[in-house]
Amino acid sequence: MEQKSIFENENNQPLASRLRPVNLDEFVGQQHLIGEGKILRKLIEEDKITSMIFWGPPGVGKTTLAGIIAHKTNSEFINFSAVTSGIKEIKAVMTQAEQARKLGQKTIVFVDEIHRFNKAQQDAFLPFVEKGSIILIGATTENPSFEVNGALLSRCKVFVLQGLKTEDIMKLLKRAITDERGFGTQNVQINEEHLEIIAKFANGDARNALSTLEMVILNGDVSENGQVTVTDNTLEQCISKKSLLYDKNGEEHYNIISALHKSMRNSDPDAAVYWLARMLEAGEDPLYVARRVTRFASEDVGLADPHALEIAVAAYQACHFIGMPECSVHLTQAVVYMSLAPKSNALYIAYETAKRDAIKELAEPVPLVIRNAPTKLMKELDYGKGYLYAHDTKEKLTTMQCLPDSLAGKEYYNPTEQGLEAKYKAKLEQIKNWKKAHS
């Protein structure tokens, strides 16, 4: 049976479509899935596709992988769009697939943006997936745990695709310059620095990168002999931003993240937002910034304002869900909050001090009194002997020693008077005073 491709070969297709890989050797990125010996590569090469869902950000190869499967499989391949297809269309195709199954023919149904299907539409697939009438392949930018029905999701293997690395996108851009499907038949002059700026600007999105390259070349300076030259001015106009002084892998990267961190520590929201903008507008991964802000929430704010960690984690999740440029405002909220929050590094100092002792005292045994005794032998060796269960006491406190003898009485956490930590300091002093009085 003739397979249906999800791609059409037209001369006026965008560059990203013209260069779309048709086999795994042309595919760039996702080596954790399609590298030599990896499970997805084996399934595709051996034409043993099962129902699966590709989950990842835009432009990382979800639809391309479906296209490669379409070229590789001996099954009937049907493309569905969650935007334009309704239950009527689904049922018609399912009836066709059921008839093909009775004749021994497999049918693969690819659903792009499956998260756009409502529950009723997704339910229409379920019985046919269950009895093997179809093999379902879905693609989504949203977390399938929330957007795909549990019954349908349980019958699909989820493959998580990651944003492409700058070096991966550079390979695609260089191929576009030399490949006849791209600009290989033209005399295009564009330097390595320009390609790297485009690759970083794309923020892991291959389609974005190729679209930007196409725009840059089409707007390049054309000489009398037909040579197209890409200039700094052309590049800046096409990406609507200046080439900022920033190297994600070099010194300036660390200089600016340091500037952001220290501006927040110094309670300077204006400076913090500026350095945030410098990073994001230069193409920094927003998730990297969100991770650094999350670290700051405990390292420099801590229990002075426990809500800071919640804000930071929420910002990270927002960045993961929607990406740039929309998530810039969520990071701004987090950065300003951290700048204005009361500051305490007591948790950081507590761990670093304890770490030094832990490394020095790695062989120090756990006190017998706080060891578990699941066996008779352990009980005979006094494991857990004398253990005091705090919940059995009125005060929910005991005088039991939990540190090794060599560290008895050592203090690591010393709360400050900043923000809510003043309350925790008072509570800790009450606990220590009670233990002294009852020891």
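The values are calculated or read from the model by the stated rules, or taken from the named source; none is laboratory data. Predicted model, so just to flag it, every value in this text is computed and none were measured. Note that we place each Cβ from the backbone using ideal geometry, even for glycine, and neighbour counts take in every protein chain shown. The accessibility values were calculated without ligands, DNA or RNA, using every heavy atom of the protein model including side chains. Shrake-Rupley method; radii C 1.70, N 1.55, O 1.52, S 1.80 Å.
Close Cβ contacts (under 6 Å, 6 or more residues apart or on different chains) running from residues in region 393-416 that are over 16 Å from Val369 (Cβ atoms) to residues that are modelled with pLDDT under 90 and assigned to a loop (DSSP other than H, G, I, E, B) are absent. None of Asn414, Asn345 is within 27 Å of His261 (Cβ to Cβ), open to solvent by 60 Å² or more (accessible area, probe 1.4 Å) and in contact with an Asp or Glu (Cβ under 7 Å, 6 or more places away or on another chain) except Asn345.
Note on region 198-209: among residues that are assigned to a helix (DSSP H, G or I) and among the small types (Gly, Ala, Ser), the one that is farthest from Gly182 (Cα to Cα) is Ala199. Checked against the criteria, Ile114 counts as within 27 Å of the chain's Cα centre (by Cα) and on the phi < 0 side of the Ramachandran plot.
Yes/no per residue for (1) at pLDDT below 90; (2) open to solvent by 70 Å² or more (accessible area, probe 1.4 Å):
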{"residue": "Leu331", "(1), (2)": "no, no"}
{"residue": "Val335", "(1), (2)": "no, no"}
{"residue": "Ala341", "(1), (2)": "no, no"}
{"residue": "Ile349", "(1), (2)": "no, yes"}
{"residue": "Glu352", "(1), (2)": "no, no"}
{"residue": "Ala363", "(1), (2)": "yes, yes"}
{"residue": "Met378", "(1), (2)": "yes, no"}
{"residue": "Lys385", "(1), (2)": "yes, yes"}
{"residue": "Asp405", "(1), (2)": "yes, yes"}
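Of the helices (runs of 4 or more DSSP H) lying entirely inside region 4-58, not one carries at least 2 residues that are touching a helix residue (DSSP H, G or I) at 6+ places or on another chain (Cβ under 7 Å), charged (D, E, K, R) and modelled with pLDDT under 85. Cβ separations smaller than 8 Å between residues 6+ apart or across chains give the following pairs from region 95-122 residues that are open to solvent by 80 Å² or more (accessible area, probe 1.4 Å) to residues that are among the small types (Gly, Ala, Ser): Arg101/Gly132; Arg101/Ser133; Lys106/Ser75; Lys106/Ala100; Arg116/Ala82.
Listed by first and then second residue, the pairs with beta-carbon distance under 8 Å, at least 6 apart or on different chains, first residue in region 141-165 and over 24 Å from Gly35 (Cα atoms) and free of Cβ contacts under 8 Å to residues at least 40 places away in the same chain, second among the polar types (S, T, N, Q) and part of a helix (DSSP H, G or I), are Asn149/Gln122; Leu152/Gln122. Selection of first residues in region 127-139 that are surrounded by fewer than 21 Cβ atoms within 10 Å (Cβ to Cβ) and of second residues that are not in a strand (DSSP E or B), restricted to Cβ pairs under 6 Å at least 6 apart or on distinct chains, gives the following pairs, ordered by first then second residue: Val129/Ser51; Val129/Arg155. The conditions of being in contact with a strand residue (DSSP E or B) (Cβ under 6 Å, 6 or more places away or on another chain), more than 25 Å from Leu210 (Cα to Cα) and buried (at least 19 other Cβ atoms within 10 Å of the Cβ) are not met by Phe54. Which pairs turn up if I take residues in region 208-229 that are more than 14 Å from Pro14 (Cβ to Cβ) and free of Cβ contacts under 8 Å to residues at least 24 places away in the same chain and look for partners that are polar (S, T, N, Q) and surrounded by fewer than 19 Cβ atoms within 10 Å (Cβ to Cβ) with beta carbon separation below 6 Å, at least 6 apart in sequence or on another chain? Close Cβ pairs (under 6 Å, with a partner that is polar (S, T, N, Q) and surrounded by fewer than 19 Cβ atoms within 10 Å (Cβ to Cβ)) amount to Asp221/Thr229. From the list Met279, Met338, Met324, the lone residue that is more than 30 Å from Asp405 (Cβ to Cβ) and either of a type in the set (Val, Ile, Thr) or not in a helix (DSSP H, G or I) (or both) is Met324.
Among the residues of region 57-79, the ones that are on the phi < 0 side of the Ramachandran plot and small (Gly, Ala, Ser) come to 4 in all. Give the number of residues within region 267-305 that are open to solvent by 20 Å² or more (accessible area, probe 1.4 Å) and without any contact (Cβ under 8 Å) to a residue 60 or more places away in the chain. The qualifying residues number 15.
The residues on offer are Ala139, Ala202, and the sole one that is among the hydrophobic types (A, V, I, L, M, F, W, C) and touching an Asp or Glu at 6+ places or on another chain (Cβ under 8 Å) is Ala139. With respect to (1) in a helix (DSSP H, G or I); (2) closer than 30 Å to Arg295 by Cβ; (3) not polar (S, T, N, Q), the lone exception for Met378 is condition (2).
For the condition out of contact with any Leu (no Cβ under 8 Å at 6 or more places or on another chain) and among the aliphatic types (A, V, I, L, M), what is the one hit in Met338, Met324? Step through it out loud before you land on a result.
Numbers: Met324 fails: out of contact with any Leu (no Cβ under 8 Å at 6 or more places or on another chain).
Within the list Met338, Met324, the selection yields Met338.
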